[in-house]
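Reading through the structure tokens given below for one structure.
The values are calculated or read from the model by the stated rules, or taken from the named source; none is laboratory data. Small disclaimer: the values here were computed from a predicted structure and weren't measured. As a convention, Cβ positions derive from the backbone with ideal geometry for all residues, glycine included, and neighbour counts pool all protein chains shown.
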There are 2 protein chains.
Amino acid sequence: MPAAVSSSNGALTRETILQEAVQMASELGLEGLSIGRLAEATGLSKAGLFAHFGSKEELQLATLKTVRDRVAMEVFVPAFKAPRGLKRLVAVCDRWLAYAESEIFRGGCPIAAASSEFDGRPGPVKDYTAECMAELRQTLARLIREAKAAGELSKEADPEQLAYEFHALALGANGAFQLFGDRAAFAMSRRAIKDRLRAFTAPGTRLPPL
Amino acid sequence: MPAAVSSSNGALTRETILQEAVQMASELGLEGLSIGRLAEATGLSKAGLFAHFGSKEELQLATLKTVRDRVAMEVFVPAFKAPRGLKRLVAVCDRWLAYAESEIFRGGCPIAAASSEFDGRPGPVKDYTAECMAELRQTLARLIREAKAAGELSKEADPEQLAYEFHALALGANGAFQLFGDRAAFAMSRRAIKDRLRAFTAPGTRLPPL
DNA sequence: TGACAAAACGAACGATCGTTTTATTGTTGG
DNA sequence: CCAACAATAAAACGATCGTTCGTTTTGTCA
């Protein structure tokens, strides 16, 4: 019977590999992530590393999954501690922008990068990135609906429309920061979201800080 | 003395190559654009094609330049026929979104794709894409300033801020369309820009159709 | 201690990459 | 007519890619 607590070494090195992989993928893309370079960076042999995944596509998917988990930990988990409604909505926007600005991944959000890299290449990798992107947008839409239900946003607020806009502004800040190295992009996206929310906040409700 | 009218064959096949290259680049990225595949697609030999550019980087730059010229022709030239001010501003936004939706390039705007692909790879290609992206944003900012000067937008309108937002919404529509195949993204970006402009239009000025 | 399985290794595979070299065209100007 | 030239081709270069193979190390349990 295998030990229940840990697979001892295998799962651990797999974790080490993926930590290096997400950094490489954020800078060079999921295709630029090469097994040889990744092996060299982790001190493993190509074959030894390869055996952990079985194919490059599986490595790419595992890398994306690692990123998704990290985003959940950095963005969604803390943001969902805010009470349902406008505060939670603002918290998700704020946390995602902070995540993109934090340089946790040196080349920006790898999922955002992959969604651009693979949008013209049908397959499981594109499907997974599309799923991640849709998840963020749908979450935003749901939070907006909840803020409306709580009476904090006016009935004229269109959840899908606003979620689309906030999503575009978040990705825009991530991209502008990577391309121009200008952190002002985050402030501008924050301001845009604030201004847009202010136009729909019901009278008597204060906008949480962003 | 070289013939003034045409370099006979060389420049023509170079043009043919680049027409194929922009399509490939829009779908597979500027790195995915391989000389072997491009040679096969154009019926040339690898060496014959290669001789036209001298290096892959030069091919990538020439491809981007071809795209930039096409954007100028499809977006800026027609949009600048509109009178200076709000109409011209709206025309640029409208034309850019129409360009992204038109599938002139099957994989979306190659410059937008390259800006994401190369933002982590310093060099001439990144520099050129950054220049193109900055040009669009600065043009938008200038048109907003002109609309303010014409009294069509209120003094509270921040040109750089609004230009940043419109740019993000344009890129967002391009990306969402490529990833999800959903043309509704263009309508949502149009609506977002309209709503944002409406908030700043001076009393008595009508918003041009978008 | 001996058996067994997981993990990692070194070496090689065929394919493709960008690039270089050498040679062969077809056109053009003196 | 021939020299000069631009354009293309064929073949090969070394490098790197993802992947496979067989072997060896490592660790655990009976």
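At-a-glance table
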{"quantity": "Filtered residues of the range A:36-51 (kept if surrounded by fewer than 17 Cβ atoms within 10 Å (Cβ to Cβ) and within 13 Å of DNA strand C (Cβ to nearest atom))", "calculated": "A:G36, A:E40, A:A41, A:G43, A:S45, A:K46, A:A47, A:G48, A:A51"}
{"quantity": "Total residues in the range A:12-36, condition touching a residue at least 12 places away in the same chain (Cβ under 8 Å) and closer than 22 Å to B:S115 by Cα", "calculated": "12"}
{"quantity": "Hits in the range A:106-131 (condition: buried (at least 20 other Cβ atoms within 10 Å of the Cβ), more than 10 Å from chain B (Cβ to nearest Cβ) and not β-branched (V, I, T))", "calculated": "A:C109, A:P110"}
{"quantity": "Boolean, A:V71 is in contact with a Phe, Trp or Tyr (Cβ under 8 Å, 6 or more places away or on another chain), in contact (Cβ under 8 Å) with a residue 24 or more places away in the chain and within 21 Å of A:L30 (Cα to Cα)", "calculated": "yes"}
{"quantity": "Residue check, A:K148 among the basic types (K, R) and over 16 Å from the mean Cα position of the chain (by Cα)", "calculated": "yes"}
{"quantity": "Tally, over the range B:151-190, of residues that are free of Cβ contacts under 8 Å to residues at least 12 places away in the same chain, more than 8 Å from every other protein chain (Cβ to nearest Cβ) and either at positive phi or within 19 Å of the chain's Cα centre (by Cα) (or both)", "calculated": "2"}
{"quantity": "Single residue of the range A:83-105 satisfying the filter (more than 25 Å from B:R121 (Cβ to Cβ) and of a type in the set (G, A, S)) that is nearest to the other protein chains (Cβ to nearest Cβ)", "calculated": "A:A98"}
{"quantity": "Only one of B:L64, B:L136 that is in contact (Cβ under 8 Å) with a residue 40 or more places away in the chain, more than 21 Å from B:L169 (Cα to Cα), within 10 Å of the chain's Cα centre (by Cα) and more than 10 Å from chain A (Cβ to nearest Cβ)", "calculated": "B:L64"}
{"quantity": "Output for the range B:191-208, where each listed residue is in contact (Cβ under 8 Å) with a residue 60 or more places away in the chain and not in a strand (DSSP E or B)", "calculated": "B:I193, B:L197, B:T205, B:L207, B:P208"}
{"quantity": "Search result, residues across the range A:8-36 that are within 14 Å of chain B (Cβ to nearest Cβ) and within 14 Å of DNA strand D (Cβ to nearest atom)", "calculated": "A:M24, A:A25, A:E27, A:L28, A:G29, A:L30, A:E31, A:G32, A:L33, A:S34"}
{"quantity": "From A:A141, A:A62, residue being away from DNA strand D (no atom under 16 Å from the Cβ), out of contact with any Cys (no Cβ under 7 Å at 6 or more places or on another chain) and either not acidic (D, E) or not in a helix (DSSP H, G or I) (or both)", "calculated": "A:A141"}
{"quantity": "B:E101 vs. criteria in contact (Cβ under 8 Å) with a residue 12 or more places away in the chain, of a type in the set (D, E, K, R) and either within 16 Å of DNA strand D (Cβ to nearest atom) or in a loop (DSSP other than H, G, I, E, B) (or both)", "calculated": "no"}
{"quantity": "Residue check, B:I111 away from DNA strand C (no atom under 15 Å from the Cβ) and either assigned to a helix (DSSP H, G or I) or over 20 Å from the mean Cα position of the chain (by Cα) (or both)", "calculated": "yes"}
{"quantity": "Candidate set from the range A:37-59 (those that are assigned to a helix (DSSP H, G or I) and either among the hydrophobic types (A, V, I, L, M, F, W, C) or in contact (Cβ under 8 Å) with a residue 60 or more places away in the chain (or both)); member that is farthest from DNA strand D (Cβ to nearest atom)", "calculated": "A:A41"}
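Residue-wise test of (1) away from DNA strand C (no atom under 14 Å from the Cβ); (2) under 26 Å from B:L28 (Cβ atoms); (3) at pLDDT below 95.
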residue: A:V5; (1), (2), (3): no, no, yes
residue: A:A25; (1), (2), (3): yes, yes, no
residue: A:L33; (1), (2), (3): yes, yes, no
residue: A:L59; (1), (2), (3): no, yes, no
